[in-house]
Amino acid sequence: MSDTTGRTALITGISGQDGSYLAELLLAKGYQVHGIVRHTSSLIANTSRLDMIYQDPHETERRLFLHKGDVTDAGLLVNLIRDIRPDEIYNLAAQSHVRVSFDLPDYTANVTALGAIRLLEAVRASGIEARIYQASTSEMFGTAAPPQHESTAFHPRSPYGVAKLFAHWATVNYRESYGMFAASGIAFNHESPRRGETFVTRKITRAAARIAAGLEKKVYLGNLDAVRDWGYAPEYTEAMWRMLQHDEPVDYVIATGRAATVRDFAEAAFAHAGLDWRDHVEHDDRYERPAEVPELVGDPAKIEREIGWKARVHWDELARIMVDADRNALRIGP
Ligand code: NAP
Ligand code: GDD
């Protein structure tokens, strides 16, 4: 791989699970890293995942820069890109919760779909030749039969999936129309101890840890039959970076190729905490979706062959990693 020292990257969604791991990876590679963080009424509420790498703005040698902003603000994006002149841009910002997208479809489309085209247009308007990574998703496949690969027909099943499909095609279209280096990573579910607490894996591992510690007795879940191909988030951010180092802008499925049901994941997580999941998991209709994506299992052959990226952590080890982290956090305290 080429020398990356002195390169500049811009990450939208830097405060999220993937954004925080990607920022760490790029800083370790010598990049100057800029990230967009949303305004909140409290000072640091949404940057807790960046605590490990935060640098005081008064430090002269710092390489991490956080900018207040939002992907719903087109002017901000143009100005920021003109000022920073990034070599690489990673568009990770999204309203990323599938269930929430049914409640907030308009908002989800504005951020997740239009946010992407605003960013592409901002790069075009600024005249800068930045390489762009778009965070596409297996959710775009919806009901398509597994294993899903780059040529599988899309059939999204949620406002989030529909919004991401718009962003995906916008990325392809800007590449084809303007010759931009814009590539889409069609990532399957990836998790970590930094996963948001309302996504099913983290909800389960956090509950297992709290129940084992005697703090709670039950956790309420929706569809236990859903099948997901769960990988480990830090490995997926490595794939994103590698895609932008490739000779050509190419779209890739990013997946482990192995999958399990929500029930399997719960069983493994609770067992690792010394518990029987059947004693603690209850059903609640509230967590069912108006339309479900039944089975996502990715075929990662293309990215393995062309980029040399291969998932190492699979869902069962992931469950153990996340339970251990949630149990440790309880011992250490908030
Ligand atoms: P995440 O933890 O939900 O992070 C989303 C990030 O987007 C957060 O930093 C959030 O800021 C930011 N954001 C939300 N609305 C914004 C807005 N209007 N303007 C600017 N920033 C905004 O998601 P993730 O798991 O890291 O995923 C990263 C990306 O990959 C997302 O686009 C997601 O849809 C996509 N993806 C994820 C997976 C997965 O399994 N994790 C799979 C496929 C694709 P706050 O911190 O302020 O909320
Ligand atoms: N969140 C949640 N909460 N999901 C539940 C629950 C529950 O209590 N009970 C069952 N599930 C089922 C959902 O119905 C879904 O089939 C599966 O667990 C996974 O749900 P999530 O963890 O919310 O993830 P997702 O697959 O809907 O979406 C995630 O992965 C996508 C990639 O396929 C998100 O990270 C998306 O942003 C991402 O694009």
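State whether the residues of segment 306-313 include one that is open to solvent by 70 Å² or more (accessible area, probe 1.4 Å) and either among the hydroxyl-bearing types (Ser, Thr, Tyr) or in contact with a helix residue (DSSP H, G or I) (Cβ under 9 Å, 6 or more places away or on another chain) (or both). So far as segment 306-313 goes, yes, one or more of its residues are open to solvent by 70 Å² or more (accessible area, probe 1.4 Å) and either among the hydroxyl-bearing types (Ser, Thr, Tyr) or in contact with a helix residue (DSSP H, G or I) (Cβ under 9 Å, 6 or more places away or on another chain) (or both).
The set of residues in segment 47-70 that are open to solvent by less than 60 Å² (accessible area, probe 1.4 Å) and either in a loop (DSSP other than H, G, I, E, B) or not hydrophobic (A, V, I, L, M, F, W, C) (or both) comprises 47, 53, 55, 62, 67, 69, 70. The set of residues in segment 279-305 being within 14 Å of ligand 2 (Cβ to nearest atom), within 30 Å of residue 215 (Cα to Cα) and open to solvent by 50 Å² or more (accessible area, probe 1.4 Å) consists of 282, 283, 285, 286, 287, 288, 289. Residue check: residue 138 meets all listed conditions (1) under 21 Å from residue 238 (Cβ atoms); (2) open to solvent by 50 Å² or more (accessible area, probe 1.4 Å) but one, namely (2). The residues on offer are 83, 87, 73, and the sole one that is assigned by TED's automatic domain parsing to the domain that holds residue 111, open to solvent by 70 Å² or more (accessible area, probe 1.4 Å), under 23 Å from the mean Cα position of the chain (by Cα) and of a type outside the set (A, V, I, L, M, F, W, C) is 73. Being touching a residue at least 60 places away in the same chain (Cβ under 8 Å), under 24 Å from residue 107 (Cα atoms) and over 17 Å from the mean Cα position of the chain (by Cα) is a description that applies to residue 157. Only one entry of 171, 152, 198, 137 meets the criterion of being more than 30 Å from residue 48 (Cβ to Cβ) and either near ligand 2 (Cβ under 8 Å from one of its atoms) or hydroxyl-bearing (Ser, Thr, Tyr) (or both), and that entry is 152.
Quick grid of which residues meet (1) of a type in the set (Gly, Ala, Ser); (2) within 15 Å of residue 90 (Cα to Cα); (3) open to solvent by 10 Å² or more (accessible area, probe 1.4 Å):
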site: 218; (1), (2), (3): no, no, yes
site: 225; (1), (2), (3): no, no, yes
site: 237; (1), (2), (3): no, yes, no
site: 246; (1), (2), (3): no, yes, yes
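As for segment 14-32, it holds at least one residue that is closer than 19 Å to residue 243 by Cβ, within 12 Å of ligand 1 (Cβ to nearest atom), part of a loop (DSSP other than H, G, I, E, B) and of a type outside the set (Phe, Trp, Tyr).
The values are calculated or read from the model by the stated rules, or taken from the named source; none is laboratory data. From a predicted model like this one, the values you see are computed outputs, not experimental measurements. Here the Cβ is made from the backbone with ideal geometry for all residues, glycine too, and neighbour counts use every protein chain on show. Note: accessible area is taken over every heavy atom of the protein model, side chains too, but ligands, DNA and RNA are not part of it. Shrake-Rupley method; radii C 1.70, N 1.55, O 1.52, S 1.80 Å.
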